[in-house]
Amino acid sequence: MTEKYTPQTAEPHWREQWKAQDIFRALPPAEAGDAPKAYILEMFPYPSGKAHMGHVRNYSMGDVVARHKRAKGYNVLHPMGWDAFGMPAENAAMERGTHPGKWTYANIDHMRGQLSTLGLSLDWSREFATCDPEYYGLQQAAFLKFLDKGMITRKSAKVNWDPVDMTVLANEQVIDGKGWRSGADVVQKELTQWFFKITDYADSLLEDLNTLERWPEKVRTMQANWIGRSEGLQMRFEFAASVPLSHEDGIEIFTTRPDTLFGASFVALSPDHPLTIELAKQNPDLEAFRKTCAAIGTSEEAIEKADKLGFDTGLRVKHPFDEDKTLPVWIANFVLMGYGTGAIFGCPAHDQRDIDFARKYGLDVQPVVLPDGEDAATYNVADTAYTGEGKLFNSGFLDGLSKDDGIPAAIKKIEEMGLGQGTVNYRLRDWGISRQRYWGCPIPIIKCPKCDMVPVPEADLPVVLPEDVSFDVPGNPLDRHPTWKNVTCPKCGGEAERETDTLDTFVDSSWYYARFAAGVNNDPEEAAYWMPVDQYVGGVEHAILHLLYARFFSRAMRDAGILDLPSGEPFAGLFTQGMITHETYKSEDGNWLSPDEVSEKDGALFHIESGKPATRGAIEKMSKSKKNTVDPTAIIESYGADVARWFVLSDSPPERDVEWTQAGAEGAARFVKRVWAVFDTLSQAPRDGKPSGDKAALALRRVSHKATAGIDKAIEEFRFNSAVATIHEWVGALKKAESGGEELLYARFEGAYMLARCLTPFMPHLAESCWAAIDGKGLVSVAKWPDIDQDLLVENEVTLPVQVNGKRRGEIIVAKDISKEDAEAKALAEPSVVTFIDGKPVKKIIVVPGRIVNIVI
RNA sequence: GCCUCUGUGGCGGAAUUGGUAGACGCGACGGAUUCAAAAUCCGUUUCUGGCGACGGAGUGCCGGUUCGAGUCCGGCCAGAGGUACCA
């Protein structure tokens, strides 16, 4: 041992070197030469205050990919910025009286400091925050372009309204129907709001999922289901008797199961259907029913999980195929206004929600699909709807048809009758972007009593948020700001008001990747060069909303002529990572305790400070409220950034959750020492050598070359935990080879020379120190990935397991290319196998070359 | 509720295309070193029967396909993520 490795001094040293030599700056297209480009991006953080271990994991993974690409000769863009608008800043303003901007920028400064200690190979020159006026000004310009191109519309939508705080609440701020601060009953309020017409892109967003080969299958499936394209029938049920209503023609419904029309037993309207509203004006009981439904909430989850509620309007409609039959019209809380026409027909026998409803309110249940093997005379449906395949019966002209044939037949008939037509429907709704909040991007619109909605002239952009606001009074400060709000109309010069709503923060994160790509000069050509992102990395919780919005926005930017991206797809490769979890503890009185406030004595847990008993809770996602967060800074200070990085990349596969443990961190620290010990003994090692016949040397060289190939592949396939395991084995092999002949020592040096470079993506600081210890040229962070001798990867002998009736009974060592016959013969001669065959006749022998021999008796 | 995913030793997990289940790490246990400890190094470690040789069982549960299933199919159970105003 010559020198001890101390991360506390080595890590800052190397970071200074990287900074001084500016090695992580992406080259402009003109300087890149033949190097292919690689745009590596991790989802940028919300500056909530402190970086957490989830950030460490996310950015460590991205950094592995970025550093690996760089070593493979790519021109890499790996930027970082801040998703800086959002509710927590306003909450902080209300709680502490600071300005949201001040709070946000202070957080950014702190978190930038934390992230920079991780040794990430980031190009900081492109950094921005979405709350920078330069950024949101461009966003406002894009908004106006979209408006001009007809991609934006205004319509009414519901919000959660807190009548005490006089403010709009997010769904997560509504707890059991009450406002989180005021505790008041939340009511629903209709507001006219701005919408991006994402539904115009529904087909493109759905179809192009097929082109995203480097996206996880599950994300594509989730998005496809979210878009929810379904072919069906939109048709009218005519009223049985004429009614004094504006909807005198009847009720338009949408169905995906027109084949079951003969099983219809009711028609149901959404509580928000225009007809419902009209009827409620004449009927106080119905109005009361609507209020009951509204109290359930606006989230899909709340509506779907609520008990089925119905209200009989007393109206009746005609069955389209049976003149003698009429159906009752109900209002039902499970019918969503946002989907289809806001009205359905109910076929209880073949739809679970319909049967729940029918059983509750005593409505008819008429089966019309007969499962195979059932008797038409006796078949019935109890409380579980039958949704499977079968033959239609009790269905007039549809009798005997399958579901797939019955659907077009029913549609054809309805079309001939002039009652409706086959249509395509989407679950996807337009994207509501208006928020009644201060800390967001102002919508660049001026509301003029004469000219209506007037875009802010381009020369007046950005519309900057006013600084002089207070949060003493609830509600949106923009709404009561005297000078900012009141302006003159750019069109007529008359008195007018600004739109005081701001944009949904999802808008900010829907195009930041393009802003990074465009570089400091916001050059469209540079954006075209870097786009699309080659590898995007982030949490799986964004699988639907953020990723769908970003896919929409890049298409909209393309079609508005803002971004040159023919495919419209922003992310060519996507990886979704799991969360970091940690153990939780609770005190006697049920309060959360941080794990280091708890100790164990004689098998019992207790709170150190009070001495009172404590209990261990579940292992959960790290969160402040559960007091189970681990501060990355403390870890970095005591163990070094490499240890933190190594830990979050070890053990768990990247897509799965990983539990933070103290023991795991210590294990990582121990490994750093082991690696250093290998390099520390190499200063005297021979630098030159030749491949030779020395057995031990050859074996070690095989290990090194195989490991390098394995790590290379593992990184490309996002199996960092496998790469870590391989590095462990490799270091173990190098360590064992400490003494030996000249040839072995050379093989050891060669291995170390390769290892330093393979280690760089994972533990870049340690790798630099190792590289320096063996006189590597320059910085290892810019060294090329090691070359591999392919000959060393091939084994010529393999061990084949031999099974008898599928159970492993022995093994044989054979040449790699042994013939089936020889393998059979050798397997049959193996003594342990012979015992099990026990003289019985062999029925069959399966030989899978290079894999296995199975003898069936 | 609905959509998606996950489930393997004491723990995190590995297992290529259906082909030796438990790589690698953590922990635990035993040993070496040490006056002692820390650190380090070596060994054992799925459960179970057996002194042993060697068996039996085993990848959330129930069933199926196959020469062969952690992997494929059907049905359950449990947990996680999303559910359109958290980011």
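The values are calculated or read from the model by the stated rules, or taken from the named source; none is laboratory data. Predicted model only: the values in this text are computed from it and were never measured. So basically every Cβ, Gly included, is an ideal-geometry build from the backbone, and we count neighbours across all protein chains shown. Surface accessibility is based on the protein's heavy atoms, side chains included, excluding ligands, DNA and RNA. Shrake-Rupley method; radii C 1.70, N 1.55, O 1.52, S 1.80 Å.
Mind listing the long-range amide H neighbours of A:Gln803? Cut-off is under 5 Å, sequence gap 5 or more, other chains count too, H placed in the peptide plane at 1.01 Å from N.
Under 5 Å from the amide H of A:Gln803 lie the amide H atoms of A:Arg809, A:Val853, A:Asn854, A:Ile855, each far enough along the sequence or on another chain.
With every protein chain left in place and a probe of 1.4 Å, what is the accessible surface of A:Phe836, to the nearest 10 Å²?
Surface accessible to solvent at A:Phe836 totals approximately 90 Å².
In degrees between 0 and 90, to the nearest 10, how far off the longest principal axis of chain A does helix A:87-96 point, with axes built from Cα atoms?
90
For A:Glu750, what accessible area in Å² do you get when you roll a 1.4 Å probe over the heavy atoms of the protein chains, rounding to the nearest 10?
30
Provide the solvent-accessible area of A:Glu416, counting protein heavy atoms only and rolling a 1.4 Å probe, rounded to the nearest 10 Å².
Using a 1.4 Å probe on the heavy atoms, I get roughly 130 Å².
Relative to the longest principal Cα axis of chain A, at what angle does helix A:217-227 sit, 0 to 90 degrees, rounded to 10?
10
So which aspartates and glutamates can A:Lys4 reach, going by Cα to Cα under 13 Å and dropping same-chain residues fewer than 8 places off?
Qualifying aspartates and glutamates at Cα under 13 Å: A:Asp680.
Given the pairs A:Lys695/A:Lys784; A:Lys145/A:Lys189; A:Lys291/A:Lys360, which are separated by over 24 angstrom at their Cα positions? Intermediate results must be reported in sequence, preceding the final value.
Numbers: A:Lys695/A:Lys784 29 Å; A:Lys145/A:Lys189 30 Å; A:Lys291/A:Lys360 20 Å.
In this structure, A:Lys695/A:Lys784; A:Lys145/A:Lys189 exceed 24 Å between Cα atoms.
Over 27 Å between C-alpha atoms is what I'm after, so list which of A:Lys706/A:Lys844; A:Lys155/A:Lys450; A:Lys281/A:Lys318; A:Lys158/A:Lys281; A:Lys816/A:Lys844 land there.
Checking Cα-Cα distances, A:Lys706/A:Lys844 exceed 27 Å.
Around A:Ala773, what is the net charge, scoring Lys/Arg as +1 and Asp/Glu as -1 over all other residues with Cβ under 10 Å from its Cβ?
Local net charge: -4.
What value does chain A have for Rg/Rh, both radii from Cα atoms and Rh as Kirkwood defines it? Please report the intermediate quantities before stating the final value.
Details: Rg = 33.5 Å, Rh = 32.3 Å.
My calculation of the ratio gives 1.04.
Which whole-Hz ³J(HN,Hα) couplings does the stretch A:768-777 yield from phi under the Karplus relation 6.51 cos²θ - 1.76 cosθ + 1.60, θ = phi - 60°, glycine and proline marked x?
These are the phi-based 3J(HN,Hα) values: 5, 5, 5, 4, 5, 5, 10, 6, x, 7 Hz.
Once Lys and Arg get +1 and Asp and Glu get -1 on their Cβ, which of A:Thr199, A:Val782, A:Ser434 lies farthest toward the positive end of the dipole of chain A?
Highest projection toward the positive end goes to A:Val782.
Does the stretch A:11-59 come out rounded, prolate or oblate by the C-alpha gyration tensor, with a ≥ b ≥ c the root eigenvalues, rounded set by a/c under 1.5 and, if not, prolate when a/b is larger than b/c and oblate if not?
On the way: a/c = 2.96, a/b = 1.48, b/c = 2.00.
The shape class here is oblate.
Search the structure for amide H atoms under 5 Å from the amide H of A:Val487, placed 1.01 Å from N in the peptide plane, and list their residues when 5 or more places away or on another chain.
It is A:Ala496, A:Glu497, A:Arg498, by chain and number.
Under a 1.4 angstrom probe, counting protein chains only, how are A:Lys325, A:Lys820, A:Lys843 ranked by accessible area, largest first? Before the final figure, lay out each step's value.
Values: A:Lys325 60, A:Lys820 105, A:Lys843 160 Å².
Solvent-accessible surface, decreasing: A:Lys843, A:Lys820, A:Lys325.
If I fit a long axis through the Cα atoms of helix A:742-759 and take the longest principal axis of the Cα atoms of chain A, what angle between them do I get, 0 to 90°, rounded to 10?
20
What do you reckon, how do A:His52, A:His765 stack up by accessible area (1.4 Å probe), largest on top?
Working: A:His52 85, A:His765 0 Å².
Most to least solvent-accessible, the answer reads A:His52, A:His765.
Order these peptides, A:824-831, A:273-280, A:376-383, by their mean beta-carbon neighbour count within 10 angstrom, highest first.
Values: A:824-831: 15.6, A:273-280: 19.0, A:376-383: 10.8.
Highest-to-lowest ranking by the protection proxy: A:273-280, A:824-831, A:376-383.
Which residues' amide hydrogens lie under 5 Å from the amide hydrogen of A:Gly250, considering only partners 5 or more residues apart or on another chain, with H built in the peptide plane?
A:Phe239
Determine the shape class of the stretch A:112-207: with a ≥ b ≥ c the square roots of the Cα gyration tensor eigenvalues, call it rounded for a/c under 1.5, and otherwise prolate if a/b is greater than b/c, oblate otherwise. Could you put the intermediate results ahead of the total?
Numbers: a/c = 2.25, a/b = 1.25, b/c = 1.79.
It comes out oblate by the Cα gyration axes.
To make sure I understand the rule: partners must be lysines, Cα under 27 Å from the Cα of A:Lys218, and not fewer than 8 residues away in the same chain. Which ones qualify?
A:Lys69, A:Lys197, A:Lys305, A:Lys621, A:Lys713
Among the lysines, which fall within straight-line cross-link reach of A:Lys840, defined as a Cα-Cα distance under 26 Å, with same-chain neighbours fewer than 8 residues apart omitted?
A:Lys807, A:Lys820, A:Lys826
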